[in-house]
Every structure is written in C-alpha cells, then in structure tokens.
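Structure, as structure tokens:
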There are 6 protein chains.
Amino acid sequence: MFLRIDDFLSVAEVQALAHLATQAKFLDGRRSNPHNPTKLSAIGDPNDPATQKAAQIALAALQRSEPFQNFAFPRRIAGPNFARYEAGMKYGAHTDVAFLPIGPQPLRSDLSCTLFINDPADYQGGELAINLGTETIRIKGKPGCAIFYPSTTIHEVVPVSAGVRLVMITFIESQIPDQMQRDLLYTLGEVRALEGLKIDWRNRVQLEYVIANLHRMWAR
Amino acid sequence: MFLRIDDFLSVAEVQALAHLATQAKFLDGRRSNPHNPTKLSAIGDPNDPATQKAAQIALAALQRSEPFQNFAFPRRIAGPNFARYEAGMKYGAHTDVAFLPIGPQPLRSDLSCTLFINDPADYQGGELAINLGTETIRIKGKPGCAIFYPSTTIHEVVPVSAGVRLVMITFIESQIPDQMQRDLLYTLGEVRALEGLKIDWRNRVQLEYVIANLHRMWAR
Amino acid sequence: MFLRIDDFLSVAEVQALAHLATQAKFLDGRRSNPHNPTKLSAIGDPNDPATQKAAQIALAALQRSEPFQNFAFPRRIAGPNFARYEAGMKYGAHTDVAFLPIGPQPLRSDLSCTLFINDPADYQGGELAINLGTETIRIKGKPGCAIFYPSTTIHEVVPVSAGVRLVMITFIESQIPDQMQRDLLYTLGEVRALEGLKIDWRNRVQLEYVIANLHRMWAR
Amino acid sequence: MFLRIDDFLSVAEVQALAHLATQAKFLDGRRSNPHNPTKLSAIGDPNDPATQKAAQIALAALQRSEPFQNFAFPRRIAGPNFARYEAGMKYGAHTDVAFLPIGPQPLRSDLSCTLFINDPADYQGGELAINLGTETIRIKGKPGCAIFYPSTTIHEVVPVSAGVRLVMITFIESQIPDQMQRDLLYTLGEVRALEGLKIDWRNRVQLEYVIANLHRMWAR
Amino acid sequence: MFLRIDDFLSVAEVQALAHLATQAKFLDGRRSNPHNPTKLSAIGDPNDPATQKAAQIALAALQRSEPFQNFAFPRRIAGPNFARYEAGMKYGAHTDVAFLPIGPQPLRSDLSCTLFINDPADYQGGELAINLGTETIRIKGKPGCAIFYPSTTIHEVVPVSAGVRLVMITFIESQIPDQMQRDLLYTLGEVRALEGLKIDWRNRVQLEYVIANLHRMWAR
Amino acid sequence: MFLRIDDFLSVAEVQALAHLATQAKFLDGRRSNPHNPTKLSAIGDPNDPATQKAAQIALAALQRSEPFQNFAFPRRIAGPNFARYEAGMKYGAHTDVAFLPIGPQPLRSDLSCTLFINDPADYQGGELAINLGTETIRIKGKPGCAIFYPSTTIHEVVPVSAGVRLVMITFIESQIPDQMQRDLLYTLGEVRALEGLKIDWRNRVQLEYVIANLHRMWAR
C-alpha cells in the first residue's frame, strides 16, 4: 500500500532543506550499495553537520504527522539522508536491503520513504518507479511531498536526462511488518476515527476489541 | 467463546425428539471412548431409525439458524446423537477427540454442541461444566436450548444424582479453526449487520475489505 | 502483483466471444451482489448456452496459458462470465467476496481476472481502477488482453460515459493464497527457467530444494 | 484461561495496601482512558509516594509467586496501581489497550490482573465481569485474592450500588502472547512437575524435548 | 526425523515382491524426472499387473503398521513402485517434487519411503544418502526393512558399482506437514502410550488436552 | 542442518585453549543442569580468568568466521565455556534448555556449538551423538574443529571409557529461529554467492528480491 502526502513538509522546511543541500558534502551513492553497477547517484555524508541538520528536520516532520503514524505503525525510523541525481544518474531496479546496520539492533526496512525537495519541473526523467509485476507506479512529487511505499518491492529511479533531482530518503521499521496485516489494521482504525461517536457505543466497543486483538496478534 | 440460544428448537421439535428418544436403542457410552473409565452414559445407536430421524431434526435446526451460522462458520457438522444420563451417570473431565472418523476425510471438532431436550427440573446435577483454568462455566439449559462451546476445552458432565438427563450432542468443523480468529471475524460481521446502512458507505466498503481479507487469511 | 498479457486470446477467440455476447441473455449485475447500490452493469446468465460456450473458450485459454499457470498456481477457476457496461453504468469501489458458493466446496477468490473483448476506443471511461492506498492502477485493455490482479484489493469500474464496454470476468483460487508468498515462489521459478542449464548443476539442485520446500510450506 | 489465587497477598500485605490507599492521592480514572464515557472510577496517582510503595508490595508478590510465574511466562509487568469505585461508579464493557506506553518499548498487555484489597462484604455490585460471548465469568475476590485473566477479552466492573471497592490492577506482557499456546505450555509443565520422578526417565526427557521446542517456537 | 523399521515386511512378502520384480516391466527412470541428467535407474511400469500387485502388498504393509501410522499421520499414500539400479546406475542429489499429480488433488510429498527388497550383500554402493548440511545419513537396509525420511531433504542413491539394488519407493502426504511439529506430536503420543495407566489420571487428561489441541492446530 | 568446519580454530588458538584449560578452575557440570542425574562432567567456572580468556578466543573465532555467519544468522552468542569429560563421565540424552538466563533478555538457544580442543585419539568413547529418530549423527572432531547443530534435538555425549575429552561449548540465538527457514535462506545466499556475476543481472535482482523478503518475513 502507498501513502502520498502532498504537503508533508512546510514551505519553510523545504527551503531549509534545499539550502542545507547546497552546504552538505555528498558522497558516491555506491557507498551504501557497493555491488550494484546500476546505482549512480550522490548521497549525503551522514557525518556532515548540514546533512545531520536536514535529518532532524525530516525526522521531526515524520514524528508529528498523524497520517503517517496511523498508516505505518512506526517502531524505528532510520536517519533520513539526501540523495541527488544529476543528468545521467539513476538507480536501477533493486530491492532495499532487509536489515540496515543501525544501532545495537539492525533496523528492518518495512517501508521506504522519499521526500521530494526540488521542483519536478527542474529535471527530466527521475521518476521513482515501483514495480508491481507487469504494472508500475510512477511518482514525481512536488516540493514537500512524501511518498511511503513497501520496501519489499523492486523499484528504481529512472535516469535523469536533464537537470538535477534532489530528495531525502529514509526507511521505517513498523510494529506490523506484514503489509496486508498493516493495511487491515490501519483501515479499521480509519473506520473507527471516521465514524467517531456516530457509531453505536456497543459497536464501537466491539470494533475496539477487534483492533486491539489484531494489534496484539500481528505486532512483532 | 460461547453461544447459548434459548429457543434453538421449537416446542414441536423438542416433543418430537423426546418421543424419538423413547423409541431409540441406546448403547453404552464408552463405545465412542472406550479407554475413559470416567464415562458412564448411554448414547443412541447411530444405525437405529429413531436416532437417525432425531439427527435429521437437529441438523435441520442447525442449518436454518442464522445466529449459529454467523458464529460458527460451519464447514461440516457431525450427525447429532442422543446422550442419556441416568442417576449415578457422568462423563468425567475430558477433551473431545481432535478428528472424528466420519466420511472420506476425518472431521475436525472445532465446536461442540449440546441440545437440551428434557426439563432441568427433571434431574439433579448433570450440568455441563466447562473448565477455563480455575474458573468454570456451568450450563443446564431448558428444553430446546442449544449451547455451542469450543471443543478445545476440558469439560465434563457432572454426576446426575437423581432423575434422567436427555440431550443431543454434535461437533462442528469450522472454516476458521482458531477460536480467537473466528470470534474476531464474527464480531466484525455483527458490527456490519448492526450498523447496516447507518454507517457511511465508504466506511462500509472499508469494513467489507477487512472482513473479506481476514476470511481469506484465516480459513483453512 | 499484477500480470497483464496482451494477446491472451487469439483474434478468432475474441471474435467468437464478441459474437456470443450478441446472442447471450444478460441479467441485472446486482444479481450477484444485491446489496451494493453502486453496481450498475449487466452480466451474462450462467444458464444461457451462449454464455456457457463463451465460458468454455475463456477457460481453455486459461488452461493453456503457461505464463498464467506459472504466475497464479491455480487450483480452481470459477466459470468466466460476461459483463457489459453501457453508458452511465459502473461498478463502484468494492472488494470481491472471499468465498464464492461454487460446487461442493466454496471457491476462495485469490485472483480476479478481466478479459477485454471490445476495443477501448469503443467507449469512454470504464477503466478498471485498482486501489493501492493513495495510488491507483488503471487498466483499459485491447481486445484479447487479460489482466490478473489480487482479489484482495478494493477496485472499481469507473463510469462509462459513452459507448459500451464488454469484458469477461472470473476468479481463481490459488494453491498459494498469500500474495507475497505466491510472488516469491513465482519469481524463483522464473529465475530457474531463465538461467536454465547455464546455472551450475549443483546450484540448480539447491534452487530446486528451496522452491520445493517453499511450495510445500505455503500451499494451503 | 483464568488463574485465581486466593491467598496471593499475605494478611500483612493486604493491611499495608489498605493503609497506603488511605494516604494515596487519587485521580479521575478517565485520565488513563479519556474517550470512554462509561468509565467512572478513581485511580492512584502514579507519582504519589503512597501509590509507589503499594506498587512495590504488589510487584514483589508477583515476582515471588511460582504459580503465577508458571502460568503467565511474564516478560514485563506494568506498575500496579490502585483503583477505587465508590457508590455509583463502574467501568463499562471495554477491551484493555493492546500496548501501554511504558518505558522505551511499549508493553503489550497479554494478561490483566486484579488484586482485591477490601472485603467483598464492604460493597454491593462491583463484580469484575468477563465476557465470553453469551456466558460471563464473575469475580469478587476476598482480600488478598489475585485474578489473572486474558487482556484480550471484553470485560467490565459492574456498578457499585453501595460501599467502596478497592483493588489494585496491573498488566503483564507474556513471553507467549497467544492464550491457547501459553496454556498448552503451562499444562505440559504442570504434568512434568506433578509426575516428577515417577515418570520413566526416558519419557521425562521426551517431555522436556517437547516443552523446550514449543517454548522456542511460540515465544515472541 | 527418521524412522527405520527392520522387519517392516514379512519374509513371505519380501519373497513375493522379489518374484514380482522378475515379472514386471521396467522403464527408464528418467520418465518420472526427465530433466535430471544424474538419474540413471529403472522403474516399474505403473500399468503393469506385476507392479500393481507389488504396490498392493506394500500398501497393505503401510496400512497395518502402527509405528508408521503413529509416526507419519498419513493422509494419503502414493502407489509404491519398483526401482532397480544395475551396476553403473545412480540417482544424483535431488529434492523430491513437492506435489505429485495423483488423483483429483495433487499429493504433497511430506515423507519419502524406501522398502529394501534384496540383500545389501548383493550389490556394492547404492546407499541411500540423505544430506543434512555437512553431515550425511547413509542407509542400506536388509530385505524387508523400511526407511521413512523427510521428502524435504536433498538426497541421492550413490552409484551401484557392482550387482543390482532392488527397492520399492513411495511418498506420503501427512496430516502434519511441518517436520518438527509432526515429531513433537508423535513424541507426546509415545509418552502417553508408554506411561499408559501408570500416569495419574488427571495428568493423562491434561496430556490428552495438549495432544488434541496441537493436532487441531497443526493439521492442514 | 549441520555445519562442521574442520579448521575453525588455528593451531595457535587450539594450543592457547589447551593451555588455559590446564589453568582454569573446573566445577561440577551439574551446576548448569542440577536435576539431570545423567550429567557427569566438569565445566569451567565462568568467573575464572583463564576461562574468560578462553571464551574471548572462541568468541573472536565465531565472529570472524564467514561460513558460520552465513549459516547461523547469529543475533547473540552465549559466552563459550570449557567442558571436560574424564573416564566414566558422560552427558546422557537431553535437550538444551530453550532460554538461557543471560543478560537483560534471556538468550534463545537455536544452535549449539562444540569446539574440539584435544585429539580424538586421546580418549575412547565421548562422541557427540545427535538423535534424529532411529538414526544418529556421531561427531568426534579433530583439534580446532567446530560443529554447529540444532539445539532443538535430543543429543548426548556418550561415556568416555578412557582418557580425557576437552571441548568448549556455546549456544547461538539466530535471527531466524526455524531451522528449515534458516536453511532455505542460507541456501539461496550460497547460490547467489556461487553464481556471482555469472548469473544474468536481472535474475540476480530477482534473487535478491526473494532473499530480502524471506529475511524480513522470517526474522524474529
């Protein structure tokens, strides 16, 4: 399941991130995936202060966003990082690694997130293309847009033919790793929220009974 | 989970079953569980026409009962049979066998059912006592009452100290063998039915989405 | 996961189906889903000889198609049926029912299939739109095209604003009900087929060891 | 499954808790469940020293109790707290929340526990009523009695019509979240303990083989 | 887990099978596995009357064997067939196919069985070698010996360097497909049988409670 | 599954461990399993500096070994300890305890490891015998050899009839507790490594897609 939120970042946050990107030190993207000959991109140096400040801005947005929290049941979030694709760059079809070596326990990537910073009119190509068998979801978000998608898919950034594409990316470990289970629990929570007190109290209690027990059953 | 339905059988059906029981041939109850020294009861001969006619009446009641169908998700139902406990008889604490050798494929006993035929005032003792650790559910139903309870429990018929207890018993294989899963799916179905068209259409579609997918996921 | 096969039906088969549709008796589509106020379509009468002949043609195509067999691990296939949408008709967002009452055992709908018969230029609107959270897959196939998609999704046929849309639809119960598991097993089978004898024999045996054991583990 | 232990607390502990309750600061019970209009009770202030001392006494009793440890496979225990129901108070039918925000990782509520402090003769009504479909388990324990029951149930405290009901409550995260699995493992442990060295050594090793492997398989 | 039964077949049965093998028509073993270049053996023609008579003898032995029934929880058994390895023949490392196309529903191979017919002194090499990572189980049974082993392993028949090896082979679909679960349930059944009435009745009931519920939980 | 690595420790490490064993303080082996009358061995005192130094050497070897890391998916490793069996000593058939009380969270024993230190010619008997039903794997390694085997088995050290057997033992908690799942994931990883860049890039991406998703699905 996909969640796209168009104004995930405020205009001020987008400007701040764009500015920090001009100051940040960038490294060869293959650093985080050295064996992949199809990866041609630049990524922020996680030890660079500008990148670290950008990560804090992005993290704060993730933590305050109720739609994201309801959708993702996040347990841990990896530090967001810059990715920059100049003309000729791309990231060929790949699967995100299952466990990222972050902190004392590796972080399982259940959801991947791209935050779009610059204007899609600034570059040609560069769509995030997510493979679902013979069909493909293509995303090219406006500045401030966030897309959350399953890390379990094969996906790619198609070649940028002109201009520069600037985004931040991160990975989320969810309390509910199975995509279908996570979506069913999210959906019941939305029904409860949307019906509010309009639903009979007894039915609301029954709905909460189901939600609480699915949550216990599926959390890992 | 338990489902007790007080007027599961009509008065006419109860009378017909009580009459058939006077004509039926009874066998030593240990026939169906020869190694259990605590089983002292009489059960109908499944080959006897009176018992077979009684089984048809009970089966028809099970098939027409919407509350039972919604609660149990029945796939197969064993032929109901008479059980008669005279003074001094009992069925000590036991678990129902997991698979009954019925037909080409054994029938898994997920739910057990007792149909009460004669008046609880006609006998002393004889409660169906279902063990839940240190607590116990005790059932002594009026004529026509049906109790459905998990076959997965340890349960007993406590000794009849006076009079005669006459019931029919049967076993149900459910599409959803896990008790908790079955109850969650039943509960969502009740919420949908009780809210009816009062719930927003979009929320109703979302609820059906969850119900259909849990049903696919859990049916075995 | 999605599988679209463009020339699933031969030109002759498409013509035969189009001709049979002119002879078939059509019924109100709500017949198969009476409680859904958003369903406005016409479906073939399953007892009509023209519809039955069309079902045989479609079924034969499903049974001979190796890509479909490899992708779907079909155990049972429901009888395909016509669906016709005239101007103003639609099928609002819905989930396919989990179990269809077909034959002695209900058929679990794991995959849904639409076979496109007439030309997409013949009608406006009428796309099959499959909901994946905030993103949507839209399909409007050429004559003879088949699309296989998970029955577990919320999907719809958007209103036809002009012309007539003619398709056949059916449902598949898979040996592997879980979508992700089915796709992983399919993918390993494709790798084995594509590498063929180029892969070292010992590695091929290891791959078959994994495939056979996942197949045992996941089939239900 | 239920575990009731009548003399869980010593007489001295009960007296100490009753005394601490007279000193403790109480808050509106809705504080811990603000959206529930059926909750009318007073709960201890977790920051109050008297409540904290009471929590230590209750926790020590939980940690030393072998029957509780064997039954519950506790991994974490929430800080016990006072709950006081005066005449007219109640806690309507509800499910305990699946995860409590305690410490760095939320605590999953698998088992709920009520410790009874004052005499059941001191109040009318106030039973803990645990819903099992159409049947209900009702508990009104003597001072020092502990009842452990699945947090997965819908349960309530029925209205107190006269007098005051004083209890402590807490929640346990078990190593074995599934209720049936936890009970099967507990039961095998009891058989092993009760048979002791009377069972053949070889059979004892086999039993331990099963217990150890179920423990590995089911712990989460 | 492995089960070797040395006198699985009587002397008379072994003689009858050896005689039938002299009459039976043999086919190239690659018939049942055409893509495997390492398979060099002769197998009985399933349509030949001598092979069919041998299959009946072997099947009767499987059906009467209590140790096999207790160990395997068989649901379906494929028709046993002859396999003959002459000098130079072998069956290289392979996994048995997960589903055999037998009858209306394919048969899942959970357990494989070899019945040894002729004397191990009659041939050199020809051991059944079952791979368990870096360790290997090697079996060369006496006439009448049966070995049951998981179909989930990679195994082989090492080359026969002199003489002739004659066996029958078959495949069993178990009610309990997972090997570990099947072994735990078998082990508890053995403990119950070996302790018999020596175990306290209450503990026996508890043991049966666990056995019945694991059986329900794990059967597929 | 079993993994035996013959030169797991270097000659220098073996000598160092043998020397430390002469300095270490040994305790009665029943200390770690007091109720087992069949355990007669001496184990290192975990608080003794010589044992602690030996543990560091063994741990370093486990951490640097790529074959072990690939095979075991280790999450935590218990501190290795000496075990010494003099003539007449043994460790009868037993299962390793499921959870070892190490650190803040108990460590689940998924894999057991024996490191052989002295020469097998130095003692008679003393094989590590691992029970697989009626078949047995017997291991008597050379100095420096490591054997990794499932903690889920019943196994024993057969009586030492002459000489002294000196080993180190430890336990591993794996990210993938289920033995079959762990072996399938390990096998796919081996295929990927062995095929390297010889496999088509697209097929390699597909293989990585399967590996990453099985890893997410099975890690606990």
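Could you tell me whether A:PHE148 is of a type in the set (A, V, I, L, M, F, W, C), in contact with a strand residue (DSSP E or B) (Cβ under 7 Å, 6 or more places away or on another chain) and surrounded by fewer than 20 Cβ atoms within 10 Å (Cβ to Cβ)?
Details: of a type in the set (A, V, I, L, M, F, W, C): yes; in contact with a strand residue (DSSP E or B) (Cβ under 7 Å, 6 or more places away or on another chain): yes; surrounded by fewer than 20 Cβ atoms within 10 Å (Cβ to Cβ): no.
So A:PHE148 does not fit the description; no.
Looking only at the range A:157-179, decide whether some residue is of a type in the set (Gly, Ala, Ser), over 19 Å from A:ILE5 (Cα atoms) and assigned to a loop (DSSP other than H, G, I, E, B). Even if it seems obvious, please write down each step before you answer.
Restricting attention to the range A:157-179, the residues satisfying the condition of being of a type in the set (Gly, Ala, Ser) are A:161-163, A:174.
Cutting the leftovers down to over 19 Å from A:ILE5 (Cα atoms) gives us A:161-163.
Pick out the ones that are also assigned to a loop (DSSP other than H, G, I, E, B) and you get none.
Among the residues of the range A:157-179, not one is of a type in the set (Gly, Ala, Ser), over 19 Å from A:ILE5 (Cα atoms) and assigned to a loop (DSSP other than H, G, I, E, B), which makes the answer no.
Residue check: is A:LEU207 open to solvent by less than 10 Å² (accessible area, probe 1.4 Å) and either at the interface with chain D (Cβ under 10 Å from one of its Cβ atoms) or without any contact (Cβ under 8 Å) to a residue 24 or more places away in the chain (or both)?
yes
Looking at F:ASP48, F:ASP7 in this structure, which one is open to solvent by 80 Å² or more (accessible area, probe 1.4 Å) and not small (Gly, Ala, Ser)? Write out each step before concluding.
Details: F:ASP48 fails: open to solvent by 80 Å² or more (accessible area, probe 1.4 Å).
Checking each option against the conditions leaves just F:ASP7.
What residue, among those in the range C:167-180 that are open to solvent by 30 Å² or more (accessible area, probe 1.4 Å) and not polar (S, T, N, Q), is nearest to E:PHE99 (Cα to Cα)?
For the range C:167-180, the residue satisfying everything is C:ASP178.
Return the residues of the range F:10-45 that are farther than 30 Å from F:ASN131 by Cα and buried (at least 18 other Cβ atoms within 10 Å of the Cβ); say none if nothing qualifies. Even if it seems obvious, please write down each step before you answer.
Our first condition is that a residue be farther than 30 Å from F:ASN131 by Cα; within the range F:10-45, this holds for F:11-13, F:15-16, F:19-20, F:22-25.
Within the range F:10-45, F:GLU13, F:LEU20, F:ALA24 qualify.
Residues in the range B:66-76 that are assigned to a strand (DSSP E or B) and buried (at least 21 other Cβ atoms within 10 Å of the Cβ): how many? Before the answer, list the steps.
Let us first name the residues in the range B:66-76 that are assigned to a strand (DSSP E or B), namely B:74-76.
From the residues that got through so far, the ones that are buried (at least 21 other Cβ atoms within 10 Å of the Cβ) too are none.
Number satisfying all stated conditions: 0.
Determine if the range C:181-188 includes at least one residue that is more than 17 Å from F:ARG204 (Cβ to Cβ), touching a strand residue (DSSP E or B) at 6+ places or on another chain (Cβ under 7 Å), open to solvent by 10 Å² or more (accessible area, probe 1.4 Å) and of a type outside the set (D, E, K, R).
Taking every residue of the range C:181-188 in turn, none turns out to be more than 17 Å from F:ARG204 (Cβ to Cβ), touching a strand residue (DSSP E or B) at 6+ places or on another chain (Cβ under 7 Å), open to solvent by 10 Å² or more (accessible area, probe 1.4 Å) and of a type outside the set (D, E, K, R).
Being among the basic types (Lys, Arg) and surrounded by 15 or more Cβ atoms within 10 Å (Cβ to Cβ) is the filter; apply it to the range D:99-141 and report the residue that is nearest to D:ALA54 (Cα to Cα). Step through it out loud before you land on a result.
The initial filter retains those residues of the range D:99-141 that are among the basic types (Lys, Arg), namely D:108, D:138, D:140.
From the residues that got through so far, the ones that are surrounded by 15 or more Cβ atoms within 10 Å (Cβ to Cβ) too are D:108, D:140.
Details: D:ARG108: 23, D:LYS140: 21 Å.
Within the range D:99-141, the match that is nearest to D:ALA54 (Cα to Cα) is D:LYS140.
Taking E:GLU195, is it open to solvent by 50 Å² or more (accessible area, probe 1.4 Å), touching a helix residue (DSSP H, G or I) at 6+ places or on another chain (Cβ under 8 Å), under 22 Å from E:PHE73 (Cα atoms) and within 8 Å of another protein chain (Cβ to nearest Cβ)? Working first, answer last.
On the way: open to solvent by 50 Å² or more (accessible area, probe 1.4 Å): no; touching a helix residue (DSSP H, G or I) at 6+ places or on another chain (Cβ under 8 Å): yes; under 22 Å from E:PHE73 (Cα atoms): yes; within 8 Å of another protein chain (Cβ to nearest Cβ): yes.
When the stated conditions are applied, E:GLU195 does not pass them.
Have a look at E:VAL164, E:VAL157 and point out the one that is among the β-branched types (Val, Ile, Thr), open to solvent by 30 Å² or more (accessible area, probe 1.4 Å), touching a residue at least 12 places away in the same chain (Cβ under 8 Å) and touching a Lys or Arg at 6+ places or on another chain (Cβ under 7 Å).
On the way: E:VAL157 fails: open to solvent by 30 Å² or more (accessible area, probe 1.4 Å).
The match here is E:VAL164.
The conditions are (1) more than 14 Å from every other protein chain (Cβ to nearest Cβ); (2) part of a strand (DSSP E or B); (3) in contact (Cβ under 8 Å) with a residue 40 or more places away in the chain, and E:SER112 fails exactly one of them. Which is it?
(1)
How many residues does the range A:84-101 hold that are within 12 Å of chain F (Cβ to nearest Cβ), of a type outside the set (A, V, I, L, M, F, W, C) and assigned to a loop (DSSP other than H, G, I, E, B)?
Final tally of qualifying residues: 2.
Across the range C:210-220, which residue is nearest to B:HIS215 (Cα to Cα) among those that are open to solvent by less than 50 Å² (accessible area, probe 1.4 Å) and in a helix (DSSP H, G or I)?
Of the range C:210-220, the ones open to solvent by less than 50 Å² (accessible area, probe 1.4 Å) are C:210-216, C:218-219.
When the remaining residues are screened for being in a helix (DSSP H, G or I), the result is C:210-216, C:218.
Working: C:VAL210: 29, C:ILE211: 27, C:ALA212: 27, C:ASN213: 26, C:LEU214: 23, C:HIS215: 22, C:ARG216: 22, C:TRP218: 17 Å.
If we take residues in the range C:210-220 being open to solvent by less than 50 Å² (accessible area, probe 1.4 Å) and in a helix (DSSP H, G or I), then C:TRP218 is nearest to B:HIS215 (Cα to Cα).
Which strands (runs of 3 or more DSSP E) sit wholly inside the range C:1-52 and have at least 2 residues that are touching a helix residue (DSSP H, G or I) at 6+ places or on another chain (Cβ under 7 Å) and touching a residue at least 40 places away in the same chain (Cβ under 8 Å)? Give the derivation first.
Numbers: elements: C:3-5, C:26-28, C:42-44.
By residue number, C:3-5, C:42-44.
The values are calculated or read from the model by the stated rules, or taken from the named source; none is laboratory data. Owing to the predicted nature of the structure, the values given are computational and were not obtained by experimental measurement. Don't worry about glycine lacking a Cβ; one is built from the backbone with ideal geometry, like all the others, and counts go over all protein chains shown. SASA here: full protein model, heavy atoms, side chains in, ligands and nucleic acids out. Shrake-Rupley method; radii C 1.70, N 1.55, O 1.52, S 1.80 Å.
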